[in-house]
Amino acid sequence: QAPIKLIDGKAAAARVLAEVSAEVRQMKAAGLAPGLAVVLVGQDPASQVYVRNKVLRAEECGIRSLEHKLPADTAEAELLQLIHTLNGDDSVNGILVQLPLPGHIDESRVLQAVSPLKDVDGFHAENVGGLSQGREVLTPCTPAGCLRLLEDTCGDLAGKHAVVIGRSNIVGKPMAALLLKAHCTVTVVHSKSANLKDLCRQADIVVAAVGRPRLVDAEWIKPGAVVIDVGINRIEEDGRSKLVGDVDFDSALAHAAAITPVPGGVGPMTIAFLMKNTLAAARLQHPAQPNL
Ligand code: NDP
């Protein structure tokens, strides 16, 4: 059997960010300095880390980032007003509302309020619909990052059987739509699926986005399959806290031809594609400037 290939998400993300930095320079030369607004409501510690990383990454690429930190008890109307203002602000090309939002705020109403042309998370219904029609739209960052890793690893994906474990709006469903667009045969499985393991074992490509630590082991993996692990689960083990994926990495290595580690796999690609989406959004907002 060929040696196992570790899919290095950090290195892949660095390549994407280098592309972004070069495109930002080109945009600035054409007179447009791209800007990303990041909105954080409340003080969820994980969200604070994510937002900090996004802002840092944006600055490294030369994208101006504008942070809007609001208290946890912010009224929904006030948040909607901020989004409305950002929608109308020409210096803001991308708007990201960090999820989850506090319970008193209707998440879907907020996501629908973001202009589809500035929707760098790809969560607006117009972009979700566009993706399912196979149109070029702003696409959720995590599945877009997974697709790039798969293309880098496998080349042409046409005809491959991909099994996506999980059907969330953020990862599973858009992942399935992107794989379908790339001409894969796609099976989506979820918590109510029967014969999960058998279905998974037929896959050339497995994307696990479940949120269950180490659910997928070697028995789920066809020898030679490529495995993308989206899961980020914090567990206590050997007296310490650590991050593990939805795939039992050590076990899956026995069968996988290539696999992403956690951390250092999909995570860095998510942020890199947020930057890419910010530039894509800026271009959508300036259709008359083809040189951007
Ligand atoms: P959700 O909880 O929204 O969705 C999980 C999906 O997995 C659901 O469709 C659920 O099925 C399905 N599921 C749950 N348990 C099982 C099971 N035992 N067998 C089969 N399917 C099951 O999670 P997300 O999609 O938001 O995230 C998934 C994971 O990815 C999490 O660990 C999250 O932290 C991580 N993540 C990582 C990102 C990154 O940048 N690397 C970005 C986003 C998420 P059902 O629909 O029936 O309930």
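Coordinate-derived values only; no laboratory data. Everything numeric in this text was worked out from a predicted model, so none of it was measured. Cβ placement follows ideal geometry from the backbone for every residue including glycine, while neighbour counts extend to all protein chains displayed.
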- Note on the structure: Exposure-ranked with fewest Cβ neighbours within 10 Å first, LEU243, LEU40 stand as LEU243, LEU40
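For every other residue with a beta carbon closer than 14 angstrom to the beta carbon of GLY9, add +1 if it is Lys or Arg and -1 if Asp or Glu, then tell me the sum. Walk me through the numbers before you get to the answer.
Numbers: positive: LYS5, LYS10, ARG15, ARG57, ARG148; negative: ASP8, GLU151, ASP152, ASP229.
Summing Lys and Arg as +1 and Asp and Glu as -1 gives +1.
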- Residue-averaged [θ]222 nm for the chain, counting only DSSP H segments that reach four residues, each worth -39500 (n - 2.57): -12500 deg cm²/dmol
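Relative to the Cα centre, what is the charge dipole magnitude of segment 121-256, using +1 at the beta carbon of each Lys and Arg, -1 at the beta carbon of each Asp and Glu, and rounding to the nearest 20 debye?
On the way: 15 positive and 17 negative charges, 75 e Å.
For this selection, approximately 360 debye.
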- Message: Let me see the P(r) profile for segment 30-123: every Cα-Cα distance counted, bins of 10 Å, each bin given as a percent of all pairs.
- Response: 16, 52, 29, 3, 0
- Rounded to 5, percent antiparallel among DSSP beta bridges of segment 160-282: 25 percent
- Item | Euclidean distance of C-alpha centroids, segment 31-76 and segment 170-196, integer Å | 30 Å
- Item | Among VAL38, CYS200, LEU80 the positive-end extreme of the charge dipole of the chain (Cβ point charges) | CYS200
- Task: Could you size up the charge dipole of the chain around its Cα centre, putting +1 on the beta carbon of Lys and Arg and -1 on that of Asp and Glu, and report it in debye to the nearest 20?
- Result: 460 debye
- Percentage of Cα-Cα pair distances in the chain greater than 31 Å, rounded to whole percent? 29 percent
- Query: Could you name the lysines in cross-link range of LYS160, using Cα to Cα under 26 Å and dropping any fewer than eight places away on the same chain?
  - Reply: LYS5, LYS10, LYS173, LYS181, LYS192, LYS197, LYS222
- Query: Mean separation of Cα pairs under 8 Å and 6+ residues apart, divided by the residue count of segment 30-123: what relative contact order is that in percent?
  - Reply: 36 percent
- Could you pull out every whole DSSP H run in the chain that spans at least 15 Å of Cα extent along its own axis and averages 0.5 or higher on the Kyte-Doolittle scale? 266-285
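Going by C-beta contacts inside 10 Å, put CYS146, CYS184 in order with the fewest on the left.
Values: CYS146 30, CYS184 24.
Going from sparsest to densest Cβ surroundings: CYS184, CYS146.
Give me the percent of DSSP beta bridges within the chain that run antiparallel, rounded to the nearest 5.
On the way: 5 of 35 bridges.
Of all bridge pairs located within the chain, approximately 15 percent are antiparallel.
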- Would you please state the base-10 log of I(q)/I(0) at q = 0.10, 0.14 1/Å for segment 140-268, with intensities from the Debye formula using one equal scatterer on every alpha carbon? -0.27, -0.53
- Residue order, fewest to most surrounding Cβ atoms within 10 angstrom, among PHE249, PHE273, PHE123: PHE249, PHE123, PHE273
